[in-house]
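To start, the structure itself, in structure tokens.
Here, each number is a calculation from the coordinates, and none is a lab measurement. The model shown is predicted, which means the values in this text are computed figures rather than measured ones. Note: ideal-geometry Cβ built from the backbone for every residue, glycine included; neighbour counts use all protein chains shown.
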Amino acid sequence: MLHTCSSSQTKTPTIMASISPLSFLSTNTNTSSLLPKRRHTHVAPTKLITCNASNPNNNNQDPSSNAIANANRRRDLLIGLGGMAGVAGFAYNPFAYAAPVSPDLKACGPPTLPAGAKPVKCCPPASTNIIDFEFPKNQPLRLRKPAHKVTGDDLAKYKDAIKAMRDLPDDDPRSYTQQAAIHCAYCHNSYHQVGFPDKDLQVHYSWIFLPFHRWYLYFYERILGSLINDPTFALPFWNWDHPDGMEMPSIFTDRRSSLYDPLRNANHQPPVLVDLSWNRKGADTGGDVDANLNLMYTNFVEVKAPLNFFGQAFRAGDTPYTVKTGAGSCESVHNTLHVWSGDRTQPNGEDMGSLYSAGRDPLFYCHHSNVDRMWNLWKSFGNKDIVDPDFLDSSFLFYDENKNLVRVKTKDCLDSVKLGYDFEKVPIPWAKTKPKARRTKAERAKKPLTTKSVDFPLTLEEDKLVSTLVKRPRRSRSRKEKDEREETLVLEIEFDRRLPIKFDVLLNEEEDLQFATPKNREFAGSFVNVSHTQKSSAMKTELAFKIGITEKLIDLEADDDDSVVVTLVPQYGEGVVVKGIKIDYEEC
Ligand code: C2O
């Protein structure tokens, strides 16, 4: 089905049985319809935002303030026009809008843990007093440094701070145990959504992935700083995108250090090279620098549509794990580092390899510090934050360094410098590491692709390639069209979320498993699942996995073709069902 231009940020028609207190009204342009059409929320930006933004070496100013201004203008307009905003209790309101997600603290309950996990409580201490976030005044900048360069005094402070956190009693919201539990609560079903008691709040596989984890680290970092009385304390970042940082940072692997966690993969101790495309196979002697850099380019430089980078929309009332949700490229790459770091001999790859336990490893926060840095870098390449109000107003709860419970909103975290921290500027060796096509068009003509379209659903089997022909609704689009909409491969899949899973996706490549390497331009991306559970439905998870392919098809000299051959290469994890593959166009 051809989705029109506004597919990505358009809200699907939905009847809202009730509206949450956070709902607000929109004007409805389609008054003839009885169904409440949710309107397109993308606000025409003052400047044209394109998919072909600047190159990674330009440092653009931060666009977030503009985005918020636009969103706010729109909201003011809606409230002005509506006059009925926030009217609760309407059983049926054709003008009801979706709302941003927020966790219901009062209803926090026990997590759903995977088999083999020791029982654990994940809800924070109760509090009746929630304060709204305010930007701290007169704070010194906290400069986050690459972990492999943290030595001397900085290292001593980091170890002291983590030690002090470990020494706090478990019921202190700042304690090591409670900080780890935050991650468990937000992704193992402890929290439900305000206004939707039967809907879980899940911070993975959607656009709240980046803002949630940014806030999480913000409070964690400030708690550590306050425990050692150093407001300049900054969390290091695991610089896995630079050859010098492509191993588990050695500061975490000293057994006597407070930064040590015994539950990690024994084969992945330094100096074993990180494998950003790890397939859990063979001798497992480490990754390849060039392949890692190619993979960085593919996932962080050429992805331009915000939803393809951040992940799909997740609004109040949405059920996590439906084909509407899905991770962006940033989260996908981050998943592999989780699976790579965790201990494979544990039942669920604990600690890093399972979401309920990941926060128990100090490495987790250092890993996420680099994920957070990727958000800043991606914007520095000229890309823009999502401007949808349901993204900007999504909210979370955290205890701060003074044990106050604080409500934070996504819109307040778009600019890390405003939050008081930044990242040391280090070289970005992947800015120009675009992989080369394995076969040019001329070479393909000598040995043409023979794949026909296959029937769905189909189940992937380990090490067995599946190829299918996918029709392209449009071909040879103009540069302008390409800049406005990213051609996007959409894979609707179903899988068991308890399993670690990975499969690779190749374009116009049907021959051999060995070509599934990020070093080839034909390599489009990888779906990666980190083990986790959720009780709202069975362990069956449905998602739409999306990959931007505009530039790939140009480089493969395939932009004038009517269709493209898509090959799936299952790497690990049983039972993935592919329900369909199509091409869509995501707004830039
Ligand atoms: Cu909440 Cu790295 O995951």
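The charge dipole of the range 441-587, taken about the Cα centre with unit charges on the Cβ atoms of Lys, Arg (+1) and Asp, Glu (-1), comes to about 180 debye, rounded to the nearest 20.
Over 27 Å between Cα atoms: which of 482/519; 121/199; 540/582; 418/519; 163/379; 118/546 fall into that group? In this structure, 418/519; 163/379; 118/546 lie more than 27 Å apart at Cα.
Potential lengthening of the chain between residue 426 and residue 129 amounts to 102.8 nm, from the contour at 0.36 nm per residue minus the alpha-carbon distance.
Which peptide among 237-243, 413-419 comes first, and what is the full order, when sorted by highest mean count of other Cβ atoms within 10 Å?
On the way: 237-243: 23.9, 413-419: 18.6.
The packing order, highest mean first, is 237-243, 413-419.
Rounded to the nearest 0.05, what FRET efficiency is calculated for residue 171 and residue 376 with R0 set to 35 Å and r the Cβ-Cβ distance? Calculated value: 0.50. The length gained by stretching the chain between residue 577 and residue 477 to full extension, at 0.36 nm per residue less their Cα-Cα distance, is 32.8 nm. The modelled label-to-label distance between residue 120 and residue 281, using points 7 Å beyond Cα along the C-beta direction, is 3.1 nm.
Calculate, for residue 289 and residue 462, the FRET efficiency according to 1/(1 + (r/R0)^6) with r their C-beta to C-beta distance and R0 25 Å; round to the nearest 0.05. Numbers along the way, then the final one.
On the way: r = 27 Å, r/R0 = 1.09.
My answer for the efficiency is 0.40.
One Cα centroid belongs to the range 364-387, the other to the range 467-532; the line between them spans 22 Å. If a spin label sat at a point 7 angstrom from the Cα of residue 266 along the line to its beta carbon, the backbone N atoms of the range 331-374 nearer than 13 Å would be those of 343-346.
Net charge dipole, the range 105-432: roughly 160 debye, given to the nearest 20, about the Cα centre with Cβ charges of +1 for Lys and Arg and -1 for Asp and Glu. Distance from the Cα centre of the range 543-579 to that of the range 130-199, in angstrom? Result: 37 Å between the Cα centres.
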